[in-house]
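Structure record follows, encoded as structure tokens.
The values are calculated or read from the model by the stated rules, or taken from the named source; none is laboratory data. The structure displayed is predicted, hence computed values, not measured ones. Here Cβ is always computed from backbone atoms with ideal geometry, including for glycine, and neighbour counts include all displayed protein chains. With ligands, DNA and RNA removed, areas are computed over all heavy atoms of the protein, side chains included. Shrake-Rupley method; radii C 1.70, N 1.55, O 1.52, S 1.80 Å.
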Amino acid sequence: MKIKKELLQAFLDKYKITAAILAREMLVDEKEIKKLLCGEAVNEATARRFIYYFGVDEAVKMIDWAAIGKINPFGG
């Protein structure tokens, strides 16, 4: 999974949290959050935790569907 890194950075900025704090809250390695912030793909386990943490409604907005070659199943 790849996300729109600017949206994740905006979230971190808005709530004044670091990648390390988000990683701890999502129960993933900080390296995985840093990958997302660099526009890199993460594994399925991290993707699942990301979607669980943000909820489907928010996660679907942040996923970079074009970058992963998929069509947004929710149409947005």
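Using the structure shown, decide if residue 15 is within 11 Å of the chain's Cα centre (by Cα) and exposed (fewer than 14 other Cβ atoms within 10 Å of the Cβ). Answer is no for this residue. When the residues of region 1-12 are filtered to those that are part of a loop (DSSP other than H, G, I, E, B) and in contact with a helix residue (DSSP H, G or I) (Cβ under 7 Å, 6 or more places away or on another chain), the one that is least open to solvent (accessible area, probe 1.4 Å) is 1. Tell me, which residue of region 45-76 that is part of a loop (DSSP other than H, G, I, E, B) and touching a residue at least 60 places away in the same chain (Cβ under 8 Å) is nearest to residue 8 (Cα to Cα)? Among residues in region 45-76 that are part of a loop (DSSP other than H, G, I, E, B) and touching a residue at least 60 places away in the same chain (Cβ under 8 Å), the one nearest to residue 8 (Cα to Cα) is 64. Under the condition of being open to solvent by less than 80 Å² (accessible area, probe 1.4 Å) and not in a loop (DSSP other than H, G, I, E, B), the residues counted in region 22-40 number 9. Restricted to region 61-76, and to residues there that are among the small types (Gly, Ala, Ser) and in contact with a Lys or Arg (Cβ under 8 Å, 6 or more places away or on another chain), the residue that is surrounded by the fewest Cβ atoms within 10 Å (Cβ to Cβ) is 76. For region 41-60, the candidate set comprises residues that are open to solvent by 90 Å² or more (accessible area, probe 1.4 Å) and modelled with pLDDT of 95 or more; within that set, the residue that is farthest from residue 1 (Cα to Cα) is 52.
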